[in-house]
Amino acid sequence: MTATATTSSTTSDLPVLDHWIAGALATGASERTAPVYDPALGVQTKHVRLASTADVDTAVATARAAFTGAQGWGSSSTAKRQQVMFAFRELVNARKGELAAILTSEHGKVLSDAAGEVARGLEVVEFACGMPHLTKGSYSENVSTDVDVYSLKQPLGVVGIISPFNFPAMVPMWFFPIAIATGNTVVLKPSEKDPSVANWMAALFQEAGLPDGVFNVVHGDKEAVDALLVHPDVASISFVGSTPIARYVYETGTAHGKRVQALGGAKNHMLVLPDADLDLVADAAVNAGFGSAGERCMAVSVVLAIDSIADEVVERVRSRMGGLVTGDGRGSADMGPLITAEHRDKVAGYLDVASTDGAEVVVDGRGVTPDGAAEGFWLGPSLVDKVPTTSTVYTDEIFGPVLSIVRVASYDEGLALINNSPYGNGTAIFTNDGGAARRFQREVEVGMVGINVPIPVPVAYHSFGGWKASLFGDAKAYGPQGVDFFTREKAITSRWPDPSHGGINLGFPQNV
Ligand code: NAD
């Protein structure tokens, strides 16, 4: 993580992105900042503040005050919350082009992809618009004589959200619409690499009528994350990022009494059986391997091809890659740059590892001619065949545009590789055999499965999350599990006897 006080003469006149606390920009007390780049230009465009523990304390106290009391968001009516959520939906929808443009300028993904990200985030806002139905609880009349039992879902209080660089709009939108629609107040700590969209969304929520202090954004790095993880007034943490940090967040947050859902990294396999439609396979592998420059947790990074069709798969993927344009996402490119020069170099290094480990580099993206500034953080789409499963090209989450082909003798060998992976985020099978697909969906140990669908991200009314090292905690993101995560159920047993009469009985209550 880059976290330096940047005061060099070349960048000292750049703008500084502030926190958003209590409905206004806030400088906070910390003087630390980090650089924010335009990855397609390869230049720093601004600084972002890195909060101190005291800055986080201020944001949490603000969120706590906004939650509490008869006038607090935690006591606001269902109708009020719903009105605000509908208004927010309308505003984002009307200005989604603006949001996508900011996103592209800091992340680098092409504009159409950024628009797709916003659309998938909006799905969760729309889901949250139906919160009154999702939280209406249940009622059992006369479970015992004159006794009724009913259950309610109540908000937790202040909830923390910590998000990664690769979906700076969509991933926060997996959580905050549901958290806010259920009556919680939020402190969001976005990635310091592309932080601006978080402020933009918070300001738009204010325009939608959300009271100040309900949605706060604190920018920062490990210091801010640690402050949230141990703060006694933070009830829950929703984290998305790499597996080592997800594990740390889960362990630290739960040790401090918090409810934690920590979504981690991935290594997603696509198993191709000999009867599959190989044109569909090649299109899917290219789209899911190189979309967003491979910086998606649901990217396909390994194609498992049965030996008899492997040469054909490699050839069809390779020929499609020839038509891909890598360049500035504001133009007509198919694929943008990587997030930083450092990350680009790390990803490119795996192409050397591939050669050393005996794999065949079929397409080497290091030679790409970008449609954009020479200083951009470019790496073209790369294809590596015959990757040994002992190589770090296979075992590491590369998180870039490097697609591996691993040749397997059978369905069983492919399935075993997937199930032996420490990750379990997404996977896909490509086949025209319904029986094989059905067997796969039952046997594979992965949280999200595609059948002839390469990036099986569930719609907003199902829940998103992987298994094993791809998710720590019991609750997935959004959908019904998201509603449960952001609420506490309370069961009430009531008696209104007529005429009123109690009586002494020390036995355990029984229903009569
Ligand atoms: P990251 O783990 O580096 O950062 C995620 C968040 O953690 C950021 O807000 C960052 O500031 C913070 N952070 C970084 N280092 C920290 C530390 N030492 N202590 C505490 N907090 C720290 O992840 P990233 O590079 O921003 O995002 C890419 C990763 O996120 C990939 O591994 C990808 O698979 C994963 N991801 C997973 C999902 C999913 O749904 N499972 C979705 C998107 C991204």
Q. How much net charge surrounds Pro497 when only other residues with a Cβ under 14 Å from its Cβ are counted (Lys, Arg +1; Asp, Glu -1)?
A. -2
Q | For the range 398-404, 3J(HN,Hα) per residue [Karplus equation, 6.51 cos²θ - 1.76 cosθ + 1.60, θ = phi - 60°, Hz, x = Gly/Pro] | A | 7, 6, x, x, 10, 9, 9
Q: Provide the per residue accessible area, probe 1.4 Å, for the range 268-451, rounded to a whole number of square angstrom.
A: 37
Q) Given a Förster radius of 22 Å and the C-beta distance between Thr395 and Asp283 as r, what FRET efficiency does 1/(1 + (r/R0)^6) yield to the nearest 0.05? A) 0.25
Q) What is the sum of charges around Lys258, taking Lys and Arg as +1, Asp and Glu as -1, for the other residues whose C-beta is under 12 Å from the C-beta of Lys258? A) -1
Q. Taking Lys80 as the anchor, which lysines have their alpha carbon closer than 20 Å to its alpha carbon, excluding any fewer than eight residues away along the same chain?
A. Lys136, Lys153
Q. By its C-alpha gyration tensor, with a ≥ b ≥ c as the square roots of the eigenvalues, how is the range 186-270 shaped: rounded for a/c under 1.5, else prolate for a/b larger than b/c, else oblate?
A. oblate
Q: Quick one: pull the percent of accessible area on the chain belonging to carbon and sulfur, 1.4 Å probe, ligands and nucleic acids left out.
A: 53
Q: Taking the Cα centre of the range 268-451 as origin, work out the dipole magnitude from +1 charges on Lys and Arg Cβ and -1 charges on Asp and Glu Cβ, in debye rounded to 20.
A: 300
(Q) Can you order the peptides 218-225, 68-75, 180-187 by their average number of other Cβ atoms within 10 Å per residue, highest first? (A) 180-187, 218-225, 68-75
Q.
From the phi angles alone, apply the Karplus equation (6.51, -1.76, 1.60; θ = phi - 60°) to the range 468-474 and give each ³J(HN,Hα) in whole Hz, x where the residue is Gly or Pro.
A. 6, 6, 9, 7, 9, x, 9
**Q.** Alpha-carbon spread of the range 70-197, three principal axes, descending order, Å
**A.** 65, 26, 25
Q) Using just the C-alpha positions of the range 37-139 as equal point scatterers, what log10 of I(q)/I(0) does the Debye formula give at each q in 0.14 1/Å? A) -0.86
Q: Wrap a convex hull around the Cα atoms of the chain, take a quarter of its surface area, and give that in square nanometres.
A: 27.6
**Q.** Dipole of the range 180-334, positive end: most advanced residue of Leu228, Ser191, Ala299 [Cβ charges, Cα centre]
**A.** Leu228
Q) Got the relative contact order for the chain handy, in percent, Cα pairs under 8 Å and 6 or more residues apart? A) 17
Q. Tally Lys and Arg at +1 and Asp and Glu at -1 over the other residues with C-beta under 14 Å from the C-beta of Asp357: what net charge comes out?
A. -3
Q: Arrange the residues Arg495, Arg366, Arg81 by how much accessible surface each exposes, largest first, with a 1.4 angstrom probe.
A: Arg495, Arg366, Arg81
Q. If you put +1 on each Lys and Arg Cβ and -1 on each Asp and Glu Cβ, how big is the dipole of the chain around its Cα centre, in Debye rounded to 20?
A. 1220
Q.
Can you classify the range 348-450 as rounded, prolate or oblate using the Cα gyration tensor, where a ≥ b ≥ c are the square roots of its eigenvalues, rounded means a/c under 1.5, and otherwise it's prolate if a/b beats b/c and oblate if not?
A. prolate
Q: Provide Rg and Dmax in Å for the range 403-502, with only Cα atoms included in the calculation.
A: 21.2, 78
Q: May I ask you to rank Lys193, Lys136 by accessible area, largest first, using a 1.4 Å probe over the protein chains only?
A: Lys136, Lys193
Q: Pick out, from Thr145, Gly121, Ala101, the residue whose Cα sits farthest towards the positive end of the charge dipole of the range 73-194, with +1 on the Cβ of Lys and Arg and -1 on the Cβ of Asp and Glu.
A: Ala101
(Q) Quick check: from the Cα gyration tensor, does the range 268-451 come out rounded (a/c under 1.5), prolate or oblate? (A) prolate
Q.
Taking 0.36 nm per residue of sequence separation and subtracting the Cα-Cα distance, how much length would be gained by fully extending the chain between Thr10 and Val143, in nm to one decimal?
A. 40.6 nm
**Q.** Total charge dipole magnitude, the range 362-512, about the Cα centre, Cβ charges on Lys, Arg, Asp, Glu only, Debye to nearest 20
**A.** 440
Q | All aspartates and glutamates inside 18 Å of Lys490 as judged from Cα atoms, apart from same-chain residues fewer than 8 positions distant | A | Glu141, Asp148
Q: Using only Cα atoms, locate the centre of the range 419-480 and the centre of the range 381-413, then give the distance between them in Å, rounded to an integer.
A: 19
**Q.** For Leu271, residues with placed amide H under 5 Å, excluding near neighbours
**A.** Leu304, Ala428, Ile429, Phe430
(Q) Could you derive backbone 3J(HN,Hα) for the range 70-84 from the dihedral phi with the Karplus parameters 6.51, -1.76 and 1.60 (θ = phi - 60°), listing whole Hz in sequence and x where the residue is Gly or Pro? (A) 4, 8, x, 4, x, 9, 5, 6, 4, 5, 4, 4, 5, 4, 5
Q. How far apart, in nm, are two points set 7 Å out from the Cα along the Cα-to-Cβ line at Trp496 and at Ala101?
A. 5.8
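The values are calculated or read from the model by the stated rules, or taken from the named source; none is laboratory data. Keep in mind it's a predicted model, so treat the numbers as computed, not measured. Every residue, glycine among them, receives a Cβ derived from its backbone with ideal geometry; neighbour counts consider all protein chains shown. Accessible surface is based on the protein model in full, side chains and every heavy atom, while ligands, DNA and RNA are left aside. Shrake-Rupley method; radii C 1.70, N 1.55, O 1.52, S 1.80 Å.
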